[in-house]
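Here's the structure we're looking at; comments come further down.
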């Protein structure tokens, strides 16, 4: 079927495919840099992921330097349509003779200026995150909620430095920069005191967010549990949601993998829209727990995007990706995950939302169900093909041939 035919079919349902393509083209997605090197970073050459985070797998070709990570990222986005941002962690600081290594609490904008130059050259936005894991100051697995003041103070200084770096990035790019605080703090077994660690965390956050940073969107990322903290997570959803609700300008970032399997982020978005002007979202794929698998085109992802679109929240919901898989080609993982998120968004943009809402308000639930089902078999893939053609990227699996060429010519030569 041709795009012209698909356009006509969708029009019969009251859906404008040209509008859908335009909205999709202009919705930025923040792509996580840490997929390219297994969350190792550049500030701890003798270490890697650990102390609160983990990757599995040993696929050859991991990026080891700034130049390699940049090259891999560019290769990936050459096969991804639409507007893109790069999501950085503080552990990706760039050190050289002029700006030698410093610990995380002493990092400055100069350590990230090469990333800003890279973003300017390739018309990318940037988001930023303090790296509160994989460090010797993760004492007993705790950071901002630690009972040790020297530990808390170190991470407070790091988070403040990160906000200042994000503010400068925003100034340089004339843009807003999402700066996300995530900590792995918690306990493996039943704690004797659940309140005091949260009071310490609240005090730490109050200090971190005290300084005004007009180019920064401040977020805190809640989670349910993880390996090593099965019994208690200090930064729970209830804690961070309460903090965001009582601290204007701070938002609770919803990570799709950070909830109980019976919870749905798609339901949380419309629950928050009456109260928050922004909803930051990490698009990921959980498998039973917070495992951050590569995003696939699955039902819950589509439902999430439907809630974004049907509630006119494209300008309110901030889309970022968060996954890391060291068992597969890392560049291909970027392409698969980002394109899956974009396909889900396109499917959401191709819904007859006003007609569906009208049917619900009129208690015509039969029509609502019928329309929802009929839309599943409409030729959305032809709209995707047209969109990719206009963006100059492959719509089909031929993008994989290019990534395999890159693997043979570039990735396989890394020892």
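FYI, it's all coordinate maths here, none of it is from the lab. What you are looking at is a predicted structure, and each value in this text was computed from that prediction instead of being measured. For neighbour counting, all protein chains shown are included, and Cβ atoms are generated from backbone atoms with ideal geometry for every residue, glycine included.
Report the antiparallel proportion of the DSSP beta bridges in the chain as a percent, rounded to a multiple of 5. Each step should come with its number before you reach the end.
Values: 5 of 32 bridges.
Among the beta bridges of the chain, antiparallel pairing accounts for roughly 15 percent.
The simple spin-label model puts a point 7 Å past each Cα toward its Cβ; for residue 139 and residue 415 those points are separated by 4.1 nm.
The calculated FRET efficiency for the pair residue 108 and residue 247, based on their C-beta separation and a Förster distance of 30 Å, comes to about 0.70.
Considering only alpha-carbon pairs that sit under 8 angstrom and 6 or more positions apart, the relative contact order computed for region 89-142 is 43 percent.
Highest mean packing comes first when the peptides 94-102, 174-182, 349-357 are listed by Cβ atoms within 10 Å, giving 174-182, 349-357, 94-102.
Per 0.36 nm of contour for each residue apart, how much would the distance between residue 211 and residue 9 grow if the chain were fully extended, relative to their Cα-Cα spacing?
67.4 nm
The C-alpha atoms of the chain define a longest principal axis, and helix 380-391 lies at about 60 degrees to it. Across all directions, the average projected area of the convex hull around the alpha carbons of region 178-325 is 9.1 nm². Here the peptides 395-402, 252-259 are ranked by packing, the mean other Cβ count within 10 Å, and the order with the highest first is 252-259, 395-402. Given 10 Å bins starting at zero, what is the percent of C-alpha pairs of region 293-393 in each, up to the one with the largest pair distance? It works out to 14, 39, 33, 12, 3, 0, in whole percents. Compared with the dominant principal axis of the Cα atoms in the chain, helix 66-77 is inclined by about 10°.
If you line up the long axis of helix 299-310 against the longest principal axis of the chain, both from Cα atoms, how many degrees apart are they, to the nearest 10? Approximately 80 degrees, to the nearest 10.
In percent, rounded to a whole number, the relative contact order of region 29-351 is 20, using alpha-carbon pairs under 8 Å and six or more apart.
Calculation over all alpha carbon pairs of region 123-236 in 5 angstrom steps from 0 returns a P(r) of 2, 12, 21, 23, 17, 12, 7, 4, 1, 0, 0 percent. In the chain, helical runs assigned H by DSSP with n ≥ 4 each contribute -39500 (n - 2.57); averaged across all residues and rounded to the nearest 500, the mean residue ellipticity at 222 nm is -13000 deg cm²/dmol.
Placing dummy labels 7 Å off each Cα toward the beta-carbon, the span from residue 381 to residue 358 is 3.1 nm. Paramagnetic label reach from residue 397 (point 7 Å along Cα→Cβ; backbone nitrogen cut-off under 20 Å): within region 359-386, residues 380-386.
Across the chain, the convex hull enclosing all Cα atoms gives 145 Å³ per residue.
Ordering of 226-238, 54-66 by packing is 226-238, 54-66, highest average first (other Cβ atoms within 10 Å, averaged per residue). Here the calculated FRET efficiency for residue 117 and residue 97, from their Cβ-Cβ distance with R0 = 25 Å, stands at 0.90, rounded to the nearest 0.05.
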